[in-house]
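Nothing in this text is a laboratory measurement; each read-out follows from the coordinates by a stated rule. This is a predicted model, so every value here is computed, not measured. Cβ: placed from backbone, ideal geometry, glycine included. Neighbour counts: every protein chain shown.
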Amino acid sequence: TYVVTDPCVRCRYTDCVEVCPVDCFHGGPNFLVIDPLECIDCAVCVPECPVDAIYPDDEVPADQQDYIALNERLSRQWPVINRREDPPPDAGEWEGVSDKRRWLEE
Ligand code: SF4
Ligand code: F3S
């Protein structure tokens, strides 16, 4: 499966969701996740993300391993999102900021 990681937090550009052939993105207030039971590993979402937040689960950076379980858990909690939405107004200011987990709103 593919996993949405830290760079997405507070950026939430949603470019990724429209290309997914199986609607496995689920959206929260300032972050998205991928449902690992639905993802078919097609990888088409990866180049769509302007902040390179999407990784295959076996390539998730060592300091972001907890995002694998976060995607699994929050995909059961949040609704499917398959249409682009406006990003947060300050999304640009959060690009390149690392370790944004503490701002992830559930
Ligand atoms: Fe959807 Fe394919 Fe990305 Fe999985 S890898 S989330 S199936 S676009
Ligand atoms: Fe997040 Fe990138 Fe999609 S910022 S919403 S993973 S396009």
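Annotations
- Extreme residue, nearest to ligand 1 (Cβ to nearest atom), among residues of segment 49-66 that are touching a strand residue (DSSP E or B) at 6+ places or on another chain (Cβ under 6 Å) and within 15 Å of PRO7 (Cβ to Cβ): ILE54
- Single residue of segment 9-19 satisfying the filter (part of a loop (DSSP other than H, G, I, E, B) and touching a Lys or Arg at 6+ places or on another chain (Cβ under 8 Å)) that is surrounded by the fewest Cβ atoms within 10 Å (Cβ to Cβ): ASP15
- Residues of segment 31-43 satisfying the condition of being surrounded by 19 or more Cβ atoms within 10 Å (Cβ to Cβ) and touching a helix residue (DSSP H, G or I) at 6+ places or on another chain (Cβ under 7 Å): PHE31, LEU32, VAL33, ILE34, ASP35
- Test: residue in segment 67-82 that is among the small types (Gly, Ala, Ser), over 10 Å from the mean Cα position of the chain (by Cα) and more than 16 Å from ligand 1 (Cβ to nearest atom): yes
- Selection from segment 67-106 of residues that are in contact with a Pro (Cβ under 8 Å, 6 or more places away or on another chain), among the acidic types (Asp, Glu) and either free of Cβ contacts under 8 Å to residues at least 24 places away in the same chain or surrounded by 12 or more Cβ atoms within 10 Å (Cβ to Cβ) (or both): GLU72, GLU95
- Any hit, segment 30-48, residues being under 13 Å from TRP78 (Cβ atoms), within 7 Å of ligand 1 (Cβ to nearest atom) and touching a strand residue (DSSP E or B) at 6+ places or on another chain (Cβ under 6 Å): yes
- Hits in segment 57-84 - residues which are of a type in the set (A, V, I, L, M) and outside any loop (DSSP other than H, G, I, E, B): ALA62, ILE68, ALA69, LEU70, LEU74, VAL80
Quick grid of which residues meet (1) of a type outside the set (D, E, K, R); (2) more than 14 Å from ligand 2 (Cβ to nearest atom); (3) outside any loop (DSSP other than H, G, I, E, B):
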residue	(1), (2), (3)
VAL3	yes, no, yes
PRO7	yes, no, yes
PRO21	yes, yes, no
PRO29	yes, no, no
CYS39	yes, no, no
TYR55	yes, no, yes
PRO88	yes, no, no
GLY96	yes, no, no
ARG102	no, yes, yes
